[in-house]
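One structure below.
The values are calculated or read from the model by the stated rules, or taken from the named source; none is laboratory data. For clarity, every value in this text was computed on a predicted model and none was experimentally measured. No Cβ is skipped: glycine too gets one built from the backbone with ideal geometry, and neighbour counts run over all protein chains shown.
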Amino acid sequence: MTAPVVEVVGLRFRYPGGPLLLAVDEFSVSEPGLVAVMGESGAGKSTFGALLGGQEQSPYEGSLRVFGQEWSAVVEEGRDADRQLHRRRIGYIPQGYGLLPDYTPWDMLLLDMGDAEIPQAERAGRAERALEAMGLAGMADRLIAELSGGQQQRVAIARMLARDVGLVVADEPTANLDVATTRDVLDALRQAARQIPVIVITHDQWVADQCRWRLDLPSLATDGEDARPETHGVRRVVDLWSPAPGQLQTWSVDRDGGLLSDGEPSELPEGALAASVSAGSPAEGDGRLLVADLDGRLWARQGQGRAWGAWERLPFDGTARSVATSAGAGRLARWVVQDDGQLWHQQVGPQGASEWARMEAPGRVTSVAAAPRGDGGTELVVSDTAGCAWSRHDGSGGWSGWEGLPVDRVRAVALSTVGPTSLERWVVRSDGGLQHSRSGPDGGWSDWQPMSAPDGLRVVSVAAGPGPDRGQVLLAVTADGALLQRREEGEGWSDWVRC
């Protein structure tokens, strides 16, 4: 078993004579990936980050071990050499990035490596590789003050890569950034997290949703010292399909990467943790399931009704982030978004599957949805890193051009069929709201209408499908992990109910 990089047990922190500022009963990180640390204002998020990063030297109760070293022992015994070694192995990125405005990125990296006592002969090569990895090769000689917020955050991450640290702790890395820059910074952190653990201190639910694990710190004002923080995965997506007329089967990914069918655990390939799932049916009762796991691999299985066959790993050269399927009239298409925002698709027919083909998109894609059209074509909707949504469709003349949809701050998209000829587009906004638009008999689309979740809950994922009475069934996952459902009834919608 891999030794923990971080291991916390019974941690309590307060300044002498002051109130409790931080309480963590259990927390450990043993492998690469993004880890979110969340909590209300005053829960001690930044204090926890400073302790993990070796910045806070005040005494604490309990145990906090990083790379097997108890931090309090290093501080209390005054072992300066051990303290410096500890800090060299940890990349701490404070709020504001900790950069010198009159330095260049190249200067910052060389300065950092000098402090870390990296051999002189290695420094230039390390700096070049780190800046190139962060997409900054052409900005090495620009002043930090001239760079955007997202570029400065990339410089901060490049400093860690050049030092070859074993852990990154980033305190509110996306605070005060716009949607596009936030996505850009998360892509950079995700890239670093392929090799080492990256702990992200954040108050942003969308940022936490992109992480593999999460630690929720208790609200000390209401929960008290005995409150126990919850550690869990935060991948939460949902899809549904119809195994038989009048029936629906839901598929979702739980907080720990497990796959659920109608709320009950469903097997995954050994060692796989799910990140995204999509279900479809090219013909009545013929089920097709597509899963991207947290390692970026693709898995597929086929079923009849509610009985499913063995998993098959699909050959795919990229790293899959999210998936979608479009199925109907004997056809099946698979859609995959790579972690670099590229969009790929594959057709599956009686003779087997086609080669994966890349589809050019207006921007870096974050989510994709597809559905069969009444004319035999396919409707496609994507969201991008700028928070925009785009659509296109295919027909006898091939694919149409991309059309920008009049919505903004888009986080995720979905599509559903409504009767034999209509479709419904759905978008989840970054503020947790929903909007939808329906196609008409003439091929036009209605104005976008807002839809709210109950009690002010924020939606993070949505799926819709045909109901038993030709209306729709809508499923939504909220930021707190609840699964909600409502049905279209005549000209309106039923109340939301928790599944």
Inset, instruction - For the stretch 420-440, name all the residues that are of a type outside the set (Val, Ile, Thr), out of contact with any helix residue (DSSP H, G or I) (no Cβ under 8 Å at 6 or more places or on another chain) and in a loop (DSSP other than H, G, I, E, B). - result: 420, 431, 433, 440
Legend entry - Among the residues listed as 317, 339, the single one being within 22 Å of the chain's Cα centre (by Cα), surrounded by 13 or more Cβ atoms within 10 Å (Cβ to Cβ) and either closer than 30 Å to residue 184 by Cβ or modelled with pLDDT under 90 (or both): 339
Inset, instruction - Give the residue, chosen from 495, 447, that is surrounded by fewer than 20 Cβ atoms within 10 Å (Cβ to Cβ), of a type outside the set (Val, Ile, Thr), in contact (Cβ under 8 Å) with a residue 12 or more places away in the chain and not in a strand (DSSP E or B). - result: 495
Inset, instruction - Just one of (1) surrounded by 13 or more Cβ atoms within 10 Å (Cβ to Cβ); (2) under 20 Å from residue 418 (Cα atoms) trips up residue 276, so point out which. - result: (2)
Legend entry - Conditions (1) on the phi > 0 side of the Ramachandran plot; (2) at pLDDT below 85; (3) not in a loop (DSSP other than H, G, I, E, B); number of the one not met by residue 97: (3)
Inset, instruction - Please identify the pairs in which a residue from the stretch 476-489 that is farther than 14 Å from residue 237 by Cβ has its Cβ atom under 7 Å from the Cβ atom of a residue that is acidic (Asp, Glu) and at pLDDT 85 or above, counting only partners at least 6 apart or on another chain. - result: 486/495
Inset, instruction - For the stretch 19-76, please list each of the strands (runs of 3 or more DSSP E) lying entirely inside it that holds at least 2 residues being farther than 22 Å from residue 202 by Cβ. - result: 61-66
Inset, instruction - Evaluate the stretch 152-172: report whether one residue or more is within 30 Å of residue 412 (Cα to Cα), in contact with a strand residue (DSSP E or B) (Cβ under 7 Å, 6 or more places away or on another chain) and not aliphatic (A, V, I, L, M). - result: yes
Legend entry - Criterion: under 19 Å from residue 178 (Cα atoms) and either in contact with a Pro (Cβ under 7 Å, 6 or more places away or on another chain) or among the polar types (S, T, N, Q) (or both) - qualifying residue of 374, 433, 363, 387: 433
